[in-house]
Amino acid sequence: MVVGRLLEAGCGDFVVCGGARNAGFVALLESAEGLQVWRHFEERGAAFFALGRAKDTGRPCAVVTTSGTAVAECLPAVVEAYYSGLPLVVLSADRPERFLGSGAPQVIEQEEIFGNYAASNLDQWNGRKPLHLNVSLEEEVVDCSGWDAEVKGFLPEKISFEVKSLRDFLGDGIFKGIIAMVGGLEPEDREDVFYFLRDLGIPVVADVNSGIRELLQDLLVSEKSFVGNLPGRILRLGEVPVGRLWRDLESDSSTEVLSICRNGLPGLARESKVIHGNVGRVIRGLGEVDFIGDVRDDFPSGRPIFSNIDERLESFPDSEPGLVNLLSVYATTGESLFIGNSLPIREWNEYGQRETPYARVFANRGANGIDGQLSSWLGATAETPDSWGVFGDLTTLYDLAAPAMFSQVECQGRVIVVINNGGGQIFEHLPRFSQLTKNQKEVIVQPQDFDLKGWAIMWDMDYLKIENREGFDALEAGEKALLVELIPNYSETAQFYGV
Ligand SMILES: Cc1ncc(C[n+]2csc(CCOP(=O)(O)OP(=O)(O)O)c2C)c(N)n1
């Protein structure tokens, strides 16, 4: 029986969506003890929630759907899981084979619907990408009596990797002209990466979702130090870095790049090298490196750029970067932090505080979507009190039903911050944006002026609107989730960015 086989593969976490075709699965899962079963009414959010569970636990989590478009709703989360190398499972109920191609209600081509993005054979699944199990079922009552659910350990296939290219890349131990760029890291890789970089002593551009940005203090440089002055070699560790510098590498192939990452993808369309493996294991595999020479004389000190940023933050405290900076200080009090895509993660990297590490940090950087962000956050922090999530306004509008999970997840001290800057303001930063017509700009930015208070009432959240620095004084999380609508001062933001 397929559910039993999933338990053997280490999957004990299920997000079950309603439907008649999958009623047998529902009955079975609801009757079992020792399983973690969540309920949701919409599959897109449920699949992202399951993705978040897999991020949190490092183990597979399955979303269970009925037949028809319900299965198709899981595609965005499956794609995200694929690029993040996460074991998201879709268990879909299908109508019996004789219905295929008939056009009968809720009958679609479900087999292999996720194409390359998901494995479909449990026996050959390596536990490092999504898995889709599609099961034809009659609508029948399932007898669950005497079922003893036992979840086994999760043993993803070990990726074998080589470290020679890393050794060659580091060369003779004089690390002149090398910098490290650290993208999102799995929690288990963080310690190895931190000590490795500290020993190497090379400059580091680190994203907040690396989880070690604030620990690297002395080595940390702003990526702006490299504008028009690209380093000779870049060692990328973890997910694809968020900032501009990585994108600039695309058009300049004089910088040699070596990536060490879990999905084995270069993250660049031009020539570069990749080691496919768990970053921590690859680094450990390198063993001792002879550290000779001193890189400091070549060190592009980040200090002038950081102090220039700090000055501007002080001059424009109610600008979007100013408020994000203050928010980043408040968020250190939380047990976990999820940072949404678009400007939130970029602004946090550039303007977030750099002194105090966050207990746990998450982001969805596999495919950089703005969809399913709140659901992923709730899944990743379902059991964590004092969880902070920070999202853009369009990102939030995309996932308005996510709080349907509030009744099942930990809400004590939960703070959801929506940076409501009236649309997709990231596009204002595009180089060509100013040349567009007013209409073209509106189509791209999708300006909106919704007041999110109504949304807070709908899902029974506490609500606080913050429009300036002083507004933070009233920020106090309680038993219920707190929605903070953060509204940056438009003209200060424009001045901050020198527009
Ligand atoms: C699913 C999806 N659709 C579209 C995009 C393209 N996109 C990137 S950022 C963005 C706007 C995000 O707006 P908002 O959430 O308000 O954040 P802000 O840019 O203001 O920080 C869009 C539409 C995407 N990344 N993912």
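Before moving on, here are some points about what is shown:
- Label sites at D123 and K453, each approximated as a point 7 angstrom past Cα along Cα to Cβ, lie 6.2 nm apart.
- Long-range HN-HN contacts of L237 with modeled amide H, under 5 Å: M181, V182, G183, I260
- Number of Lys pairs (Cα under 24 Å; 8 or more positions apart or on different chains) in the stretch 104-262: 4
- Fewest-first ranking of W377, W455, W147, using other Cβ atoms within 10 Å as the exposure measure: W147, W455, W377
- Potential extension, D460-E314 segment - 0.36 nm per residue separation minus Cα distance: 49.0 nm
- Anisotropy class of the stretch 164-298 from Cα gyration tensor, a/c 1.5 cut: rounded
- Between 0 and 90 degrees, the angle of helix 303-315 with respect to the longest Cα principal axis of the chain falls at about 70 degrees.
- Euclidean distance of C-alpha centroids, the stretch 182-212 and the stretch 74-148, integer Å: 36 Å
- Applying 1/(1 + (r/R0)^6) with r as the Cβ-Cβ distance of R5 and D248 and R0 = 51 angstrom yields a FRET efficiency of 0.60.
- If you wrap the chain in the convex hull of its Cα atoms and look at it from every side, the mean projected area works out to 24.9 nm².
- Debye log10 I(q)/I(0) at q = 0.12, 0.15, 0.17, 0.20 Å⁻¹ for the stretch 310-400, Cα point scatterers: -0.36, -0.56, -0.72, -0.96
- Restricting the calculation to Cα atoms, the stretch 2-136 shows an Rg/Rh of 0.93 when the hydrodynamic-style radius is the Kirkwood one.
- Using the Karplus relation 6.51 cos²θ - 1.76 cosθ + 1.60 with θ = phi - 60°, the per-residue 3J(HN,Hα) values for the stretch 205-221 come to 9, 10, 7, 4, 7, 6, x, 10, 4, 6, 7, 8, 2, 5, 8, 5, 10 Hz, with x marking Gly and Pro.
- Among T333, T381, a tally of other beta-carbon atoms within 10 Å of each Cβ gives an order, fewest to most, of T333, T381.
- The alpha-carbon of K480 sits under 28 angstrom from the alpha-carbons of these lysines, leaving out residues fewer than 8 places away in its chain: K55, K453, K465.
- Principal axis dimensions, the stretch 374-484 - Cα atoms, whole angstrom, descending: 48, 31, 23
- The stretch 431-499 and the stretch 7-22: distance between their alpha carbon centers, rounded to Å: 37 Å
- Residue order, fewest to most beta carbons within 10 Å, for I457, I466: I457, I466
- The chain, dipole about Cα centre (Lys/Arg Cβ +1, Asp/Glu Cβ -1), debye to the nearest 20: 1080 debye
- The alpha carbon centroids of the stretch 320-387 and the stretch 246-280 are separated by 25 Å.
- Here's the list of aspartates and glutamates a cross-link from K438 could span, going by alpha-carbon distance under 20 Å and ignoring same-chain residues fewer than 8 apart: E428, D449.
Quick note: the coordinates plus some simple rules give every number you see, no bench work behind them. Keep in mind that what you see is a predicted model, and the values were worked out from it rather than measured. Quick reminder, even Gly has a Cβ in these numbers, built from the backbone with ideal geometry, and neighbours come from all protein chains shown.
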